[in-house]
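Presented below is the structure to which this report refers.
The values are calculated or read from the model by the stated rules, or taken from the named source; none is laboratory data. A quick note: this is a predicted structure, and the numbers were derived from the prediction, not measured. Reconstructed Cβ throughout: ideal geometry from the backbone, glycine too, with neighbour counts over all protein chains shown.
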Amino acid sequence: MIHVNEHVEPIHYQSTLLAIKMIEVKNDWELGLLRWHYHKELEFIFVKKGCVDFHTVDRCYRLHKGDVLLIGSNQLHANQRVDCAEAVYLVMHVMLQPYFEPAITPYYHYFSEHHRPLSELNVIFRERKDVRRRVGQMMRHIFKETQAQADGFEIAVSLHMKQILLDLYRSDAQRADVRKGPDLYELQPVLQYVDQQLSGKIDMKEACKLLSMSYSYFSKHFKEVMGTSFIEYVNFRRIHMAERHLATKSASVNEVARMVGFENITHFYRLFQRHNGCTPRQYVMRLKQRG
């Protein structure tokens, strides 16, 4: 398996109310070293100087001065020094929940990542220089505010963060209708229940109780909101967790399958191949080749 020093990177917020951490990084580690890790927070990168490589499972992004990158929640990624001038870049780890006050709850659906990873929005940064410039400027402002922490810095950070979200939303030519936002917000107790129970038994009857819905109504309602059945959603989340375990844990494929709630190993292999187009072992080899 692939090993990293910290599999799940701990993020210590500068403000717990804002669920944010903002740092400036100098790219001074060993040339060519990959550090695979993940965390529940979104990660924004803005390069101030030089160049640096950021890897996800599917591709490598070479970032130069002025470039911006977005890494999704729990998305496996690694950064790597390249043979060019020293890189200096801002890294912002943030949870979006504190920024969804009632007035913007309808947009929760768009930013939730339950239908697509937010990393798909990197096409905006690649194609729109004006968006890169504005988001980079907002990140500079947030960095200054979180470092100084002058009176009212929480207001300033919140405003800048919402400006980033607004810029992304308005710049996304492929954005979906957000009218399902309140319904998706209503499902949050169930989605949290699923994530908390991925390694054990997940009972749809228990999910129904959380929303005080009948079994048949819950099944229909969940599929209308999520675009997939409850069972298919659970399997997707389990396979996603298995991907992270395969990349970061010293465990066999069978052990990883059991870690994410699969007792039937054949079923695990079949679902994994359906989602990734390769077997679990081939997935690990692909990551090793990237490193």
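Only one of these is of a type in the set (A, V, I, L, M, F, W, C) and under 24 Å from TYR110 (Cα atoms): LEU168, LEU246. Name it. Before you say what the answer is, go through the steps one by one.
Values: LEU246 fails: under 24 Å from TYR110 (Cα atoms).
Result: LEU168 is the single residue among LEU168, LEU246 that is of a type in the set (A, V, I, L, M, F, W, C) and under 24 Å from TYR110 (Cα atoms).
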When you look at VAL123, is it surrounded by 14 or more Cβ atoms within 10 Å (Cβ to Cβ) and either within 16 Å of MET22 (Cβ to Cβ) or free of Cβ contacts under 8 Å to residues at least 60 places away in the same chain (or both), yes or no?
-> no
What do you reckon, is ILE202 within 13 Å of VAL190 (Cβ to Cβ) and without any contact (Cβ under 8 Å) to a residue 60 or more places away in the chain?
-> yes
When segment 122-174 is examined, which residues are found to be aliphatic (A, V, I, L, M) and touching a His at 6+ places or on another chain (Cβ under 6 Å)?
-> MET138, ILE142
Can you name the number of the only condition in (1) in contact with a helix residue (DSSP H, G or I) (Cβ under 8 Å, 6 or more places away or on another chain); (2) within 23 Å of PRO98 (Cβ to Cβ); (3) of a type in the set (S, T, N, Q) that SER214 fails?
-> (2)
How many of the residues making up segment 270-291 are outside any loop (DSSP other than H, G, I, E, B) and without any contact (Cβ under 8 Å) to a residue 12 or more places away in the chain?
-> 6
Somewhere in segment 36-43, is a residue at pLDDT 90 or above and charged (D, E, K, R)?
-> yes
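Restricting to segment 86-120, what's the tally of residues that are closer than 17 Å to VAL225 by Cβ and surrounded by fewer than 16 Cβ atoms within 10 Å (Cβ to Cβ)?
Taking segment 86-120 first, the residues closer than 17 Å to VAL225 by Cβ are 100, 105-116.
Checking the rest, the ones that are also surrounded by fewer than 16 Cβ atoms within 10 Å (Cβ to Cβ) come to 105, 115-116.
Qualifying residue count, segment 86-120: 3.
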If ALA173 satisfies every condition in (1) at pLDDT 90 or above; (2) more than 20 Å from the chain's Cα centre (by Cα); (3) under 23 Å from THR56 (Cβ atoms) but one, which is the exception?
-> (1)
GLU101, sole failed condition from (1) in contact (Cβ under 8 Å) with a residue 12 or more places away in the chain; (2) closer than 16 Å to LEU166 by Cα | (1)
